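Asker: Shown below is the structure under consideration.
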Amino acid sequence: MRVGIGYDIHRLVDGRRLILGGKEIPFEKGLLGHSDADVLIHAICDALLGAAGLGDIGIHFPDTDPLYKDICSLELLTGTCAMLKKEGCAINNIDSTVFAERPKISPYMGEMRSNIARCTGIDERFINIKATTMEGLGIIGKGEGIAAMCIAMIV
Ligand SMILES: [Zn+2]
């Protein structure tokens, strides 16, 4: 058994779609990034790569590569899982937390989990997503960005 941790944060800006866990969420702002800026999926990729000792998402999917411009991050997760499989690693479980003052994420969690299950090939029961606000504190509390943390266990 090996564990890995992942953390990511993106800035909220006007004129972008908000994508979390591969699900578009209706909101007046979206996350800024080279890809679709899916902060939750990026944290999950980093946790999986960390557990497998394969570095981080920036090494494998650099934000300077036009190939990844506006890419759906679920494709990055699928690519990450393929790399783990090649190393003989199987995912045991994923636990994650999204830090966002707004919007409310809980109505979309079911769809987010099934997106992640589809890419990772593991049962939804082994994928957990939590959400919390920052009680108005700091950059996330002021609505300037959204962050995510993830822990993954692999076998
Ligand atoms: Zn990211």
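Asker: Asp36 - would you say it is within 13 Å of the ligand (Cβ to nearest atom), without any contact (Cβ under 8 Å) to a residue 40 or more places away in the chain and either within 23 Å of Met83 (Cβ to Cβ) or open to solvent by less than 70 Å² (accessible area, probe 1.4 Å) (or both)?
Answerer: Taking the combined requirement at face value, the residue satisfies it.
Asker: Among the residues in region 80-94, are any within 24 Å of Leu12 (Cα to Cα), modelled with pLDDT of 95 or more and not in a loop (DSSP other than H, G, I, E, B)?
Answerer: The answer is no; no qualifying residue exists.
Asker: Working only within region 41-66, note down all residues that are in a helix (DSSP H, G or I) and away from the ligand (no atom under 16 Å from the Cβ).
Answerer: Ala51, Ala52, Pro66
Asker: Look at region 72-130 and say how many of its residues are in contact with a helix residue (DSSP H, G or I) (Cβ under 7 Å, 6 or more places away or on another chain) and aromatic (Phe, Trp, Tyr).
Answerer: 1
Asker: If a residue has to be within 15 Å of the chain's Cα centre (by Cα), under 19 Å from Ile9 (Cα atoms) and buried (at least 17 other Cβ atoms within 10 Å of the Cβ) to count, how many in region 117-155 make the cut?
Answerer: 10
Asker: Restricted to region 19-33, and to residues that are within 14 Å of the ligand (Cβ to nearest atom) and open to solvent by 10 Å² or more (accessible area, probe 1.4 Å), which residue is nearest to Leu74 (Cα to Cα)?
Answerer: Filtering first and then ranking leaves Gly22.
The values are calculated or read from the model by the stated rules, or taken from the named source; none is laboratory data. In this text, all values refer to a predicted model and were calculated from it rather than measured experimentally. Note: ideal-geometry Cβ built from the backbone for every residue, glycine included; neighbour counts use all protein chains shown. Just so you know, the surface numbers come from the protein's heavy atoms only, side chains and all, with ligands and any DNA or RNA stripped out. Shrake-Rupley method; radii C 1.70, N 1.55, O 1.52, S 1.80 Å.
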